[in-house]
Amino acid sequence: MRHHLILRVIVKLLVSTMILYALYVQFHGDYSPGGGFQAGVIMAVAFIIYGIVFGLRKVHAVLPPWLVHKLVALGVLVYGGTGVVNMLQGYEFLNYGSLTPHHPEHGQHWGILAVEAGVGITVTGVMIAIYYAFAARPPRMSDEEW
Amino acid sequence: MLVATAIAIAKMDRLFAVVMLSGVFSLLAALLFVNMDAVDVAFTEAAVGAGISTVLMLGTIALTSRVEKPSTQSPLIPLAACIVTGAALIYGTLDMPNFGDPNAPVHTHVGPEYLENSQHEIGVPNVVTAILASYRGYDTLGETAVVFTAGIGVLLLISGLRRRRDPDEEEDT
């Protein structure tokens, strides 16, 4: 992996920006286009591009596969768990007004933030897990064949 | 331009170029969505269609082959199926209301209610997010579960438990 110097420098610069942008899309989804799905994909792409350029071993050191598989399930749990918390507080499933009973609008904000975070975590996890699954198999061709 | 890209995709047999062109196709579709003021959809199309699926297709090509196999069947039956389906779809659009028609069923049912009430019920400026995450929270939970299931399915099919535990060892063999 000593070749592709330009690629490696640019990816190093871009990965942090991509993660930052993903977080912006995630948490600014209330005000601008975007939300969990898009943010999850952008976040996953940051890790995938790092894996493509620097090799699977390096990205596994940052984000080991077992953690990715936990993330896949964690997102759904966060989403469903929000609904369960609402139920425990005596409201309907996924009625976020329960989170701050005296001011239901704020509760909606918190609830939307929580479920979008759940969506984002699951999408990130699934995309990275699929990429790992593909990349972990030995490739049939070398760089030059493209 | 969408049509030209689609024809180019159908004509190519080098799969690398096909994957790149389908990324271009997604970006053009995203532009179309922006033109129709559906920014959220366009964003998703650009991120998912042009971004991640291109990468996944490249991964698939790396595992399989990079040139399309010559087709052995006659192209007439698929062509007929395409023409019939396309004609049915175009016939269906004839009855649809014009784009932006205020009397269209979409704009007279629950749409206005969401637009009017979401600002003081939810207090989130982006109505799309309010509908997705709050009014239609069950649906989005279902979508997340679908993504989850799809991910689990791909993992079971491709990686397998043994490979998942120890990817580095697998690489060496």
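For the reader, a short list of remarks on this structure follows.
- Residues that are assigned to a helix (DSSP H, G or I), at pLDDT below 80 and of a type outside the set (Ser, Thr, Tyr) within segment B:62-108 comprise B:Ala62, B:Leu63, B:Pro105, B:Val106, B:His107, listed in sequence order.
For every residue, the table says whether it meets (1) aromatic (Phe, Trp, Tyr); (2) farther than 20 Å from A:Ser32 by Cβ.
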site	(1), (2)
B:Leu15	no, yes
B:Asp40	no, no
B:Pro70	no, yes
B:Leu76	no, yes
B:Tyr91	yes, yes
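- For segment A:89-100, a residue qualifies if it is in contact with a Gly (Cβ under 8 Å, 6 or more places away or on another chain) and surrounded by fewer than 15 Cβ atoms within 10 Å (Cβ to Cβ), and exactly one does: A:Phe93.
- Some residue of segment A:64-86 being at pLDDT below 85 and more than 12 Å from chain B (Cβ to nearest Cβ): yes
- Among the criteria (1) without any contact (Cβ under 8 Å) to a residue 12 or more places away in the chain; (2) surrounded by 15 or more Cβ atoms within 10 Å (Cβ to Cβ), the one A:His103 does not fulfil is (2).
- Members of segment A:108-144 found to be at pLDDT below 75 and more than 7 Å from chain B (Cβ to nearest Cβ), listed by number: A:Ser142, A:Asp143, A:Glu144
- Residue within segment A:115-130 that is of a type in the set (A, V, I, L, M, F, W, C) and without any contact (Cβ under 8 Å) to a residue 12 or more places away in the chain present: yes
- When A:Leu5, A:Leu20, A:Leu13, A:Leu94 are checked against the criterion of being more than 9 Å from every other protein chain (Cβ to nearest Cβ) and at pLDDT below 85, a single residue qualifies: A:Leu5.
- Counting the residues of segment B:18-48 that are more than 10 Å from chain A (Cβ to nearest Cβ) and among the small types (Gly, Ala, Ser) gives 5.
- Residue list for segment A:23-41, restricted to those being at the interface with chain B (Cβ under 10 Å from one of its Cβ atoms) and open to solvent by 20 Å² or more (accessible area, probe 1.4 Å): A:His28, A:Tyr31, A:Ser32, A:Pro33, A:Phe37
- Filtered by the rule that a residue be closer than 23 Å to B:Ala4 by Cα and crowded, with 19+ Cβ neighbours inside 10 Å, segment B:29-43 gives B:Ala30, B:Ala42, B:Phe43.
- Filtered residues of segment B:152-173 (kept if in a helix (DSSP H, G or I) and either loosely packed, with under 12 Cβ neighbours inside 10 Å or at pLDDT 85 or above (or both)): B:Ile152, B:Gly153, B:Leu157, B:Leu161, B:Arg162, B:Asp168, B:Glu169, B:Asp172
The values are calculated or read from the model by the stated rules, or taken from the named source; none is laboratory data. Computed from a predicted structure; not experimentally measured. Neighbour counts run over all protein chains shown; Cβ positions are idealised from the backbone, glycine included. Accessible surface is based on the protein model in full, side chains and every heavy atom, while ligands, DNA and RNA are left aside. Shrake-Rupley method; radii C 1.70, N 1.55, O 1.52, S 1.80 Å.
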